[in-house]
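The numbers here are math on the coordinates, done by the rules we state, and not lab data. It should be emphasised that the depicted structure is a prediction, and the values quoted were computed from it without experimental measurement. Counting neighbours? That spans all protein chains shown, and the Cβs are built from the backbone with ideal geometry, glycine included.
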Amino acid sequence: MEVNYAALKIAVPENYIAKSEFEIGNDLFSAQSMYLSSEMFYSNIKDQILAQMESQLPLTEIGTVTFKSKGEGFSGKKYKVNDYGYVIYASGIVNKQSLILNLGFRKEPKSNDDLDGLMKNFILF
């Protein structure tokens, strides 16, 4: 089984579940990608979508975050989520596809040492 990440296929490891073609997760990590048109990405619509995502959970902002995903630069914010762990909402472009990433972590990711092989498909510090 595979998930689609900006037209790149990522194999689903045994300890993960593909929840849809664009979403994968387990108890320790989840990744979901939302694709945007160029117009949406470079306008305030992207910011509106991110604000809506932020409003749906009880979040405490930790700070801004930058990272690489498939070698491309992403920027966003990291949050502490009550009774869950941490989420990162970030935007960038992979494989010429504009997107928003929603990454969830049980433990706060601070460096690449905190990431397993699957996580590194989506985020590298």
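Can you list the equivalent-ellipsoid semi-axes of region 2-121, largest first and in whole Å, using the square root of 5 times each Cα gyration tensor eigenvalue?
20, 19, 13
Find the relative contact order for the chain and round it to a whole percent, using C-alpha pairs within less than 8 Å whose residues are 6+ positions apart.
24
Fully extended, how many nm does the chain gain between LYS96 and SER111 (0.36 nm per residue separation, minus their Cα-Cα distance)?
Between LYS96 and SER111, full extension yields 2.8 nm more.
How large is ³J(HN,Hα) for each residue in region 17-24, as worked out from phi by the Karplus curve 6.51 cos²θ - 1.76 cosθ + 1.60 (θ = phi - 60°), to whole Hz, x for Gly and Pro?
Whole-Hz 3J(HN,Hα) from phi for region 17-24: 10, 7, 7, 7, 5, 10, 9, 9.
Post the alpha-carbon centroid distance, region 27-64 to region 65-108, in whole angstrom.
8
Suppose every Lys and Arg Cβ carries +1 and every Asp and Glu Cβ carries -1, with no other charges. What dipole size does the chain come out with about its Cα centre, to the nearest 20 debye?
260
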